[in-house]
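One structure is given here, and the rest of the page talks about it.
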């Protein structure tokens, strides 16, 4: 017994015992913290470190959920453990933002009658509100979409986009409000079809689209909340002009997006000049605000506020082959013209013959008169998918949808764009500040303390 006692009475043995005790304390602390962390909800234990930030929730959704005053049910018809982790995680994070959202998982294999009850298929989120008695569905296939063209090139489908936030925000808004607007797109003048990316965004904000041929109409339909001209290549007739003018005099809203054609359109020009916009001849080139020296690829100066400024952060909008306007005096004192996109002062209108005229040109503007609103954008590239898909950091679609929803006092822009999955995303589990301290802070503290003790003994 004495030998054992003497063994622990030496300096080295005491230091060893001390080190052993400290190691045990550290292990105990880490185990305790991990036990606490394990009880935290998974929505708090995940951080997205990918470049596409699929779990990021915009202020648009946060504001929607903050103002939510009706209970909304997410009934998920799927086997939870086999559901894509990204979908599970996003649902949890989204629902956690409002106490009015209730989430229920129903396994359709164990409860096959649920599919009949909800009149849908498996792997579907049924979003409903008992106060409004409205219901809609969101398929998992709408959240994680695939590039079908990849099948023909690689033989397998490649994940394309993650649209969790856009789909859920749209569904929540739909079931909690009765507001719905109808946009009539004009045909008969060589107009382009709206890109699918635009129609998808319109659906998210509860817009429905209908086609209207003015040549075959005696009047603008009563349910027309907005009349949209998208890149016409020929002019409207005088009779059509009279229809549009009458519609606007009675409080109608018109949205005009110019195409690339340089053909003379006197009736369209007459309409614009009424509201204080004189079309320039040719294409606009900006020597100062252009994309890598291509003067016809213009980054306009933005002057946006209120509704037009929603979700505009980078101030980067790209217009290609734009037709500009010079600002003139409107035909009536009751008209107020407000440009929101313009070139720099170092800009030119260049005709096909090479003639140039230097000026600062308006590239987008809004004119209001009483309850009527007239919006003009100078280039179809504003919503062209070849532009918006190639330059993913520009805010063309956000500004366009802001300009659409600005026509209505009771409509919010909920057109949240899907996030690309072309880059690999990684999800790291963490426990917030506690986890960071447990994983990194405590070991660093003890390392510093150990070095201090070692240096002190060396000096002794």
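Derivation of every value follows stated rules applied to the coordinates shown; laboratory data play no part. None of the values given here were measured: they were computed from a predicted structure. Glycine gets a Cβ as well: all are built from the backbone with ideal geometry, and neighbour counts include every protein chain shown.
Structure above, values below:
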{"read-out": "Average Cα contact separation per residue, the range 181-410, under 8 Å, 6 or more apart, as relative contact order %", "value": "20"}
{"read-out": "Efficiency of FRET from Cβ geometry, residue 211 and residue 234, R₀ 22 Å, rounded to 0.05", "value": "0.85"}
{"read-out": "Computed over the range 49-166, Cα set: Rg, Dmax in Å", "value": "15.7, 49"}
{"read-out": "Residue 245 versus residue 296: modelled label distance in nm, points set 7 Å from Cα along the beta carbon direction", "value": "3.4"}
{"read-out": "Chain lengthening between residue 352 and residue 83 when straightened (0.36 nm per residue, less Cα-Cα)", "value": "91.1 nm"}
{"read-out": "Reciprocal of mean inverse Cα separation for the range 181-410 (Kirkwood radius, Å)", "value": "17.7"}
{"read-out": "Label-point separation in nm, residue 260 to residue 53, each point 7 Å along Cα→Cβ", "value": "3.3"}
{"read-out": "Gain in span if fully extended, residue 136 to residue 306, counting 0.36 nm per residue against the direct Cα distance", "value": "58.1 nm"}
{"read-out": "Sites residue 222 and residue 148, calculated FRET efficiency, Cβ-Cβ separation with R0 41 Å, nearest 0.05", "value": "0.55"}
{"read-out": "Residues of the range 81-100 with amide N under 13 Å of a point placed 7 Å along Cα→Cβ from residue 71", "value": "99-100"}
{"read-out": "Residue 104-residue 159 FRET efficiency (beta carbon distance; Förster radius 30 Å; 0.05 resolution)", "value": "0.65"}
{"read-out": "Alpha carbon Rg of the range 97-193, scaled by the compact-globule rule 2.2 N^0.38 Å", "value": "1.44"}
{"read-out": "Distance between modelled label sites at residue 96 and residue 410, nm, 7 Å Cα→Cβ extension", "value": "3.6"}
